[in-house]
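Remarks on the structure that follows.
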Amino acid sequence: MPEAILTILKFCFLGLLYLFLARVVRAVYRELSPDRPAPATANGAARFGRGGGRRSDQPARPFKLKMIDPATAQIFPLGEEVTIGRAPGCSVPLADDTYVSQLHARIYVRDGKPFVEDLGSTNGTFLNKDRLSKTMPLHRGDKLQIGQTVLEIVQ
Amino acid sequence: MKMPTMSGAGPAAAARRSTELGLVILAVILAAGGYVLTALAKGATLPADLAPFAAGAAGLALAAHVAVRRFAPRADGTLLGLAVVLNGIGFVVIARLDHNLARYQTLWTAVGVAAFVATLAAVKRIRDLERYRYTFALLGIGSLLIPAVPGIGQEINGARLWVHLGPLNFQPGEAAKVTLVIFLAAYLVEKRELLSTPTWRVGPVMLPDPKHFAPLLLAWGSSILVMVREKDLGSSLLFFAVFLAMLYMATARVSYVGIGAAMFAVGATLAYHAFGHVRERVTTWVNPWPTAQGHSFQLVQALFAFGSGGFAGTGLGLGSPGKIPNAATDFVFAAIGEELGLLGTTAVLLLYLLLIGVGFRIALRADQPFLKLLAAGLTTILGVQTFIILGGVTRLIPLTGITMPFVSYGGSSLLANFVILALLLRISDEVARRSDAGELHLPPPTDTGTAR
């Protein structure tokens, strides 16, 4: 077999290998893309058929957390899950509030709706002045008091 | 071929399965193509056993695919394809080096696929594994101890890690990898909070209560001790790294990594002074050239192989990777480097990168701490093992013999890797089943202690 043909075949083989890689990357990308928080989320989820877990009826604008007291007006986007606490690893770190537990509460989004859950904090989590005893759904305008900090759900 | 139906698994699952089927078919075509290329380079004819080879490869790969459709329809669609293509490339290189070994590798691949199917069929819920944590710990430590038993244990290349039973040779340490990670995941999830709250003061550092820590140290210490006794450096490094990684992932405490690194430094220094073969590995790593005909012959031959491969390699069947001792097992990456060049080795690295990335993504998406930690631990095994052997062969770190997952010749290793693959797919399927069903009224259990 002439060497030239073997060289061509070798590059064909390597090309096929990279084609395989490209297809894996495409499959991974398709799995990841519905997760991106964008207005296209709802359409994306329906198109790729991610199932009921993430489908929402209205193309909902993502919920956010707004810091009201102290009135820094800082905004925290609500991803799939945010943790609130004094620990530096929390998505909403409240290092200066000594009434906040290390891991105080968490908010997660299921089916486009946010829920809040107290993580066994010492001083409790208050939703509109009521102390949380179980996981509760959140709505726009709800106020969460954690330690001495107050956060509002905005959209 | 009629595929088993997936009752109500949903369009997402169907899409993942057709992705998987496409990748698996492409992987088989790649393996068959490589096999043909090797034969063409040696003579001008197609290999005589092409038909049985292609049929066998396609049969095994499709059997695995059908098993996933049947038992884990919602699982990730890329893992199996990645494993099949790595396995296929490995087989082509092994067949090119030694036809005898290739025959055994065929057999071992069949056993591996059988174990893959059996694991998927037997482990219906991952949580069931959690209940048998101490059984798994005992199994792991037991299988590490077996090779030391006189009569059954056998020493090959200076390391006593084989068990000889009739015509079969196997390394029980490979099974221990999987069972010890299952134990660690279950134990760490249970004791996570206790381990991440330091209450015991030693000088300036706070450590967790030794009471909760002792079983871990015991499991870890005995595995390391056994490994050192059996002179298997690669595996002890692997165990140590996986142990440390899982401890960190469970507790999110950097101090464990610091303490672990210090322990590793002490251990490595002691091993360097105590064992001749460790010293030899370090000297050949620092400068292999003075002993190029002696101790570092293997490493130097591997470096020459990479060098003569160049950018695109000599072509399959056209190099001379046979000059490297153990080219089919630990040094298979050098053989790939010689015949497929930088392009081929980069592709292999990318395959591993994707495999490990997908594994960690399964861990990130998992909604229960045990699933999360188990998926991350199993993926860490694959990742660290790949790093140790590829780093060793390319002289990035001192060489410690360990197999290249899915690629190297080696039955026990292939078997263990297929079981790891099956467990990862099972976890992925379980998580997808819950999130697809949209159990929004049952909030997932909190797993706030897990590092993310």
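Each of B:THR283, B:THR45 has some number of other Cβ atoms within 10 Å of its Cβ, and from fewest to most they run B:THR45, B:THR283.
Using each residue's phi in the stretch A:131-145, evaluate 6.51 cos²θ - 1.76 cosθ + 1.60 at θ = phi - 60° and report the 3J(HN,Hα) Karplus result to the nearest Hz, with x for Gly and Pro. Working through the residues one at a time gives 6, 6, 10, 9, 5, 10, x, 10, 10, 4, x, 4, 10, 10, 9 Hz. Within straight-line reach of B:LYS191, meaning a Cα separation under 14 Å, sit the following aspartates and glutamates at least 8 residues removed in sequence or on another chain: B:GLU130, B:ASP209, B:ASP447. The distance separating the Cα centre of the stretch A:110-155 from that of the stretch B:268-345 comes to 59 Å. Above 14 angstrom, tally the Cα pairs of the stretch B:292-359 and express them as a % of all pairs, no decimals. In whole percent, the share of Cα-Cα pairs in the stretch B:292-359 beyond 14 Å is 56. Measuring how big the stretch B:47-135 is from its alpha-carbon positions, Rg and Dmax come out at 15.6, 51 Å.
Backbone amide hydrogens, once placed in the peptide plane, bring A:VAL150 within less than 5 Å of A:ILE68, A:ASP69, excluding anything fewer than 5 places away on its chain. Basic side chains Lys and Arg get +1 at the Cβ, acidic Asp and Glu get -1 at the Cβ, and with that the dipole of chain B about its Cα centre reaches some 580 debye. Residue by residue, the stretch B:260-269 carries 3J(HN,Hα) couplings of x, 5, 5, 4, 5, 4, 4, x, 5, 5 Hz when phi is fed to the Karplus relation 6.51 cos²θ - 1.76 cosθ + 1.60 (θ = phi - 60°); x denotes Gly or Pro.
Beyond 30 Å in Cα-Cα separation lie the following of the pairs A:LYS64/A:LYS129; A:LYS64/B:LYS124; A:LYS64/A:LYS134; B:LYS211/B:LYS372; A:LYS143/B:LYS372; B:LYS42/B:LYS177: A:LYS64/B:LYS124; A:LYS143/B:LYS372; B:LYS42/B:LYS177. The stretch B:87-150 and the stretch B:238-255 have Cα centres lying 24 Å from one another.
Evaluating 6.51 cos²θ - 1.76 cosθ + 1.60 at θ = phi - 60° for every residue in the stretch A:5-12, the Karplus couplings come out as 5, 4, 5, 4, 4, 4, 5, 4 Hz, glycine and proline recorded as x. Residues whose amide H comes within less than 5 Å of that of A:ASP142, counting only those at least five positions distant or on another chain, are A:ILE153 (H built at 1.01 Å from N in the peptide plane).
Since every read-out is calculated from the coordinates, none of them should be taken as a lab result. All of these numbers come straight from a predicted model, not from anything done at the bench. Reconstructed Cβ throughout: ideal geometry from the backbone, glycine too, with neighbour counts over all protein chains shown.
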